[in-house]
Amino acid sequence: MAIRAHKRGILLVCWWLVLLYALAACGVPATVEEELVLEVEGAETPEAAARGFVQVLNEALDDPALTSIEQRRVWSERLTSYFAPSERQGLRYPLQLMLANFADGQQSLPEGQNLTLEITYETVEVLPVDERRVSVRLLDSLLRYRVFQETDTGFRRVLVDRQYPLNEVLGMGSDGFPVLQVNGRWFLTER
């Protein structure tokens, strides 16, 4: 049974990663003027934009209420707030779908088992591209995939504990995440 759950967990991770990687293709190009009209969030620095997005994603993936459609909408809004305003519309649904698939995968595990995904990294490096663009790399970043079994005594027994380099999982190489400055704020972007 643990092997079947492990295979199901691997398939879930693969599906989740495909959706996460597909988010990069969802951006909608816009002019700077269009971006200035839309609501602003982002972050004060490129590092803060990248760190904030990863932190919110990890919090969303750890939320026991993720099975709720409304809760997934809340997380989707928080996650998209780190992207350039003109790209947010195209990211909301894929993010909600990714979160729904993750929650469904957790529910499909045998009773007493739990799947966790977490992105970890040591530090952030910013590489200038031009005056309004940088590339942000999460150094020593990993995607950690774990399956736990709850025991009768209330302890967790680790069934699977795997770590994959994030840049390899996303197929990014060493380029990092593109980050754009608009009106003094920094946003993750597809461009």
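Please identify the GluC sites (Glu not before Pro) of the stretch 87-177 that satisfy two criteria: DSSP loop assignment and at most 15 other Cβ atoms within 10 Å. Which are they?
Numbers: sites: Glu87, Glu111, Glu118, Glu122, Glu125, Glu131, Glu150, Glu168; in loops: Glu111, Glu122, Glu131.
Passing both the DSSP loop test and the Cβ count: Glu111, Glu122, Glu131.
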Exercise. Sorted by mean Cβ packing within 10 Å, highest first, what order do the peptides 41-47, 104-110, 53-59, 65-71 take?
Worked result: 41-47, 53-59, 104-110, 65-71
Seminar exercise, completed: Inter-part gap, Cα centre of the stretch 53-70 to Cα centre of the stretch 107-148, in whole angstrom, is 14 Å
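Compute the semi-axes of the equivalent ellipsoid of the stretch 40-101, taking the square root of 5 times each eigenvalue of the Cα gyration tensor, and list them largest first in whole Å. Numbers along the way, then the final one.
On the way: eigenvalues 80, 37, 12 Å².
Its equivalent ellipsoid spans semi-axes of 20, 14, 8 Å.
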Seminar exercise, completed: Compactness check, the stretch 61-169: C-alpha Rg relative to the 2.2 N^0.38 Å globular estimate gives 1.30
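Rule-based calculations on the coordinates, nothing more; no lab input. Note that the coordinates shown come from a computational prediction; the quantities given were computed from them, not determined experimentally. Every residue, glycine as well, gets a Cβ built from its backbone with ideal geometry; the counts of neighbours run over all protein chains shown.
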